[in-house]
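Data first, discussion second: the structure below is written as structure tokens.
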Amino acid sequence: MIITIGTKKIRSNFNGKISELIKKLAFSREEVLVRVNGKLVPEDAKINSKDNIEIIKVVFGG
Amino acid sequence: MEKIICSLCEKPASVNLQYAAKHLCSGCFVKYFEKRFLRTIREFSMIKPHEKIAVGLSGGKDSVVMLHLLAKLRRRLPFEIFAITIDEGIKNYRNTTIHIAKRECKKLGIALKVIIFKEDIGFNLDEIMKKTNSSACSWCGVFRRYLLNKYARIENANKIAIGHNLDDVAQTVLMNIMRNEPIRIARFLEPITNDEYFIPRVHPLLRTPEKEIAIYAMLKDIQIKYMECPYAHFSFRQHVKKQLNDSEEKYPSTKIRILNSFLEMKKHLRKWMKDEKFKLFHCKKCGESSSAQICMRCEMIMKLKNMA
């Protein structure tokens, strides 16, 4: 699995819910959108190590 | 990946609305989002036929999505829109969002006025922040409100539409409670005055969670640049925002409950306000409406001029 966060790419073997991954990466689910294999998906969906994940931070201050 | 099905049409879901205990596919989410926008405008009678609406357009996701929704609403309701963008002068931040504001207005055929802080106030925000240690938001907020009101009035606007979302409203309510400011709560979202100098503001996204605005922009292919104001880290609002997001994750519907409590509380506070002697003046320096003999904007400019 490759997790893309902005310009950063991380390799991971994560298996579980997207919401757990968001928490593990120290984001709030109120601040990010997650695309799995290019598609927007609900954060309570389960993913596995074959999926490619993109985390997009959309909530900032100002 | 596990597939979750839309609660309304059984297509693959894209969004989980925890507060509504619903999963929605892209199409159902867009309909749900637009319907709530229209319902909010009706609920608060925000726009009447043939009014002229000034849209406060920062170029961020909230105001850009609101501009698109208002432009679409014009097909059903006859009213006029133009946009006002305030350039505070924040290096490496505002130029990008102004570019987006110009691009989106051109795409939608909406006139745009860009008002520059430095030309009206005499300083840009970067210069102000070199002079003072206090929060940028308190300076920027006062000057931006003043300029939006002034230029909306010059253009004969009936209302100013502001892209404040549910998160912004819940944060403001909590901040006013934490600062013990009941008068600010009473006049938030609804002015106490009907002074001709003051252009009423409407907030069509006040029931829309901030994250959903980004989802809508993504699904409708509205190109947004997600950036943080370089001064936002230092603000009290950022602290409240983080706490509120933690609460929403643990206890979904927290933000909407704060909004609903506020709307209920406000009715009682406004009755109490009628008994209070709330007097409105016109500023002796600039002539704008003010709660004091000299308005906050003029006080602040005097302060800045006296600083080395």
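Read-outs throughout are calculated quantities, based only on the coordinates presented, and are distinct from any laboratory measurement. Just so it is clear, the structure is predicted and the values come from calculations on it, not from any experiment. Positions of Cβ are generated from backbone atoms using ideal geometry, with glycine treated the same way; all protein chains shown enter the neighbour counts.
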Exercise. Within straight cross-link reach of B:LYS285, meaning Cα distance under 20 Å, which lysines are found once same-chain residues fewer than 8 apart are removed?
Worked result: B:LYS118, B:LYS150, B:LYS303, B:LYS305
For this session: First select every other residue whose beta carbon is under 11 angstrom from the beta carbon of B:GLY59; then total the charges, Lys and Arg +1, Asp and Glu -1.
Result: +2
Exercise. Looking only at B:ALA186, B:ALA152, B:ALA101, which one moves most when chain B is put into a Gaussian network model with springs between Cα atoms under 10 Å?
Worked result: B:ALA186
Exercise. So which GluC sites (Glu not before Pro) in segment B:133-240 end up in coil per DSSP with only 11 or fewer other C-beta atoms within 10 Å?
Worked result: B:GLU196
Problem set entry | All-pairs alpha carbon distance profile, chain B, 10 Å steps from 0, percent | 5, 24, 35, 26, 8, 2, 0
Seminar exercise, completed: Given the candidates A:ASN37, A:SER12, A:ALA26, the one whose Cα lies deepest towards the positive end of the charge dipole of segment A:2-57, counting +1 at each Lys or Arg C-beta and -1 at each Asp or Glu C-beta, is A:SER12
Exercise. Let a ≥ b ≥ c be the square roots of the eigenvalues of the Cα gyration tensor of segment B:105-258; is it rounded (a/c under 1.5), or, if not, prolate (a/b larger than b/c) or oblate?
Worked result: rounded
For this session: Would you work out which of B:LEU189, B:SER7, B:MET178 lies farthest towards the positive end of the dipole of chain B? Charges go on Cβ: Lys and Arg +1, Asp and Glu -1.
Result: B:LEU189
Exercise. Once you sort the root eigenvalues of the Cα gyration tensor of segment B:122-174 as a ≥ b ≥ c, which label holds: rounded (a/c under 1.5), prolate (a/b larger than b/c) or oblate (the other case)?
Worked result: oblate
For this session: Any chance you could give the angle, 0 to 90 degrees and rounded to 10, that helix B:210-219 forms with the longest Cα principal axis of chain B?
Result: 60
Seminar exercise, completed: With +1 on the Cβ of every Lys and Arg and -1 on the Cβ of every Asp and Glu, the dipole magnitude of the protein assembly as shown about its Cα centre, in debye rounded to the nearest 20, is 300
Seminar exercise, completed: The distance between the Cα centres of chain A and segment B:176-244, in whole Å, is 26
For this session: Quick one: grab Rg to one decimal and Dmax as a whole number for the protein assembly as shown, Cα atoms only, in Å.
Result: 21.5, 68
Problem set entry | Nearest 10 degrees, 0 to 90: helix B:236-250 Cα axis against chain B principal axis | 20
Problem set entry | Contact order relative to length of segment A:2-57, as percent, for alpha carbon pairs under 8 angstrom and 6 or more apart | 45
Seminar exercise, completed: Whole-Å distance linking the alpha carbon centroid of segment B:118-160 with that of segment B:41-55 is 24
Exercise. Whole number please: convex hull volume per residue of the Cα set in segment A:2-57, in Å³?
Worked result: 68
Problem set entry | Loop sites in segment B:214-308: trypsin sites (Lys or Arg not before Pro), DSSP, at most 10 other Cβ within 10 Å | B:LYS277, B:LYS279
Problem set entry | Cα gyration tensor shape of segment B:78-183, rounded if a/c is under 1.5, else prolate or oblate by comparing a/b with b/c | oblate
For this session: Taking the Cα centre of segment B:1-130 as origin, work out the dipole magnitude from +1 charges on Lys and Arg Cβ and -1 charges on Asp and Glu Cβ, in debye rounded to 20.
Result: 620
Exercise. Can you give the charge dipole size of segment A:2-57 about its Cα centre, rounded to the nearest 20 debye, using +1 on the beta carbon of Lys and Arg and -1 on the beta carbon of Asp and Glu?
Worked result: 220
Exercise. When only C-alpha pairs under 8 Å and at least 6 residues apart count, what is the relative contact order of chain B, in percent?
Worked result: 19
Problem set entry | Beta bridges per DSSP with both ends in the protein assembly as shown, % antiparallel, nearest 5 | 50
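Other chains near A:29-41: what is the mean number of their Cβ atoms within 10 Å of each residue's Cβ?
Rounded to a whole number, the mean comes out at 5.
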Problem set entry | Helix axis angle, B:26-43 relative to chain B longest principal axis, alpha carbon, degrees | 40
